[in-house]
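One structure is given here, and the rest of the page talks about it.
The values are calculated or read from the model by the stated rules, or taken from the named source; none is laboratory data. Note that the coordinates shown come from a computational prediction; the quantities given were computed from them, not determined experimentally. Here Cβ is always computed from backbone atoms with ideal geometry, including for glycine, and neighbour counts include all displayed protein chains.
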Amino acid sequence: MTTQKEILVPDIGGFDAVEIIEVLVAVGDAVSKEQPLITLESDKASMEIPSPVAGIVREIKIRLGDKVSEGQPILVLELTENTGATTAATAPVVTSFTPPAADIAATVPPPSRPAPAVPAPIAPKDTPNPVAERVEFAPGKLPHASPSVRRFARELGANLALITGSGAHGRILKEDVQAWVKGELARPRGEAQGFVLAAGPAIDFSKFGPIETQALTRIQKLSGANLHRNWITAPHVTQFDEADITDLEEFRKSMGDDAAKKGVKLTLLAFLMKAVVNALRTYPKFNASLDPDGENLILKQYIHIGFACDTPDGLVVPVIRDVNQKDVMTIARDLADLSARARERKLKVEEMQGGCFTISSLGGIGGTAFTPIINCPEVAILGLSRADTKPIWNKATKAFEPRLMLPLSLSYDHRVIDGADGARFTSHLRLMLSDVRRLLL
């Protein structure tokens, strides 16, 4: 004989007229005890209503979108739960023989040493689920999904904050989670997957005092977005070093008049570019880029060097092409020309593309060191700070001598370049800059 039971809405915390947003079973389904039957959503929370007993669904008395309260019928179950009661008539008869206690004591020898104390049982600890911990939600954006869908997303490691729901009112369904996971698995390995940036706090600064709002320039907006992307995409490491440019600076000043006659201002940056060309030839990985999939390294057979140029509208990076084929005077002339046109907003788009390596010089402003951000898809950038005269120990004369030292800050993409090569690169630059004759080799 079968027994049917009507399942009612239980106590739902005093809420009234709560909408049904999911019906999780159908007629004919076998449900177990505590299995969710429906999902309700109030203004403050979503909740699943579990089945108090096991059985077969024979009738469903609600529909999706209905509003229910405590005590309303949900469905009718045909009970299949075994009560577990065992009657005397059906209980198996077990016979056993228990020897007298005296006989047992006589046959078991006494222990040679006291039995060790039994340690107290260790209570099991909850082990955090590393997959579930990966599911993050963007502040201010609570995903519209039922508890069952949230649990499903945690099991797959899916980030609900990145999924667009196809259900009513933008609700995220189980199918949406599955489609998102399939899409993420199909993406190239080089892309950052499931990365969510925390939204900045919205603060009314006028509460604290007078303020003035100033719009960012177009260049600042573009460069800011690119710098942000580059900082996130490439794992940066910065190698700091110093180069003795005492002799180089003396030579540069001695050539000032000759350069002026040719209409050229001979700057230290022109010599730095020649030194960088030599270093890039020696260490070709610095003149490379990762392919979009992150599987191959593209080694470039040309050398185009960009330089960061400060303009009234923001930072731009003009590129000098084929630096390896030019002498110092030609490089200095190109530097002056591109810098002037950058400040006048007359640079062409192609004059800011194709760079292999970038130099950012802050020596004219100040500072001792900084961490320049890589100009991706390049894999390295060299920062120059203000040169300063320091006492340097001379092993030959066994005395300290005043030397002009130039701080070098080399940032590189650690996916391509390791620390040893970073140190070798700056050491090579130090060697090139310490003796201007080496630049001719």
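Values computed for the structure shown
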| read-out | value |
| --- | --- |
| Ala288 being of a type in the set (A, V, I, L, M), touching a Cys at 6+ places or on another chain (Cβ under 9 Å), touching a residue at least 24 places away in the same chain (Cβ under 8 Å) and under 28 Å from Gly419 (Cα atoms) | yes |
| Condition broken by Cys356, with the remaining ones in (1) without any contact (Cβ under 8 Å) to a residue 60 or more places away in the chain; (2) within 29 Å of the chain's Cα centre (by Cα) satisfied | (1) |
| Boolean, Arg187 is closer than 20 Å to Leu290 by Cα, basic (Lys, Arg) and modelled with pLDDT of 85 or more | no |
| Of residues in region 368-389 being more than 22 Å from Ser223 (Cβ to Cβ) and free of Cβ contacts under 8 Å to residues at least 40 places away in the same chain, the one farthest from the chain's Cα centre (by Cα) | Thr389 |
| Residue within region 248-262 that is under 19 Å from Met432 (Cα atoms), of a type in the set (Asp, Glu) and part of a loop (DSSP other than H, G, I, E, B) present | no |
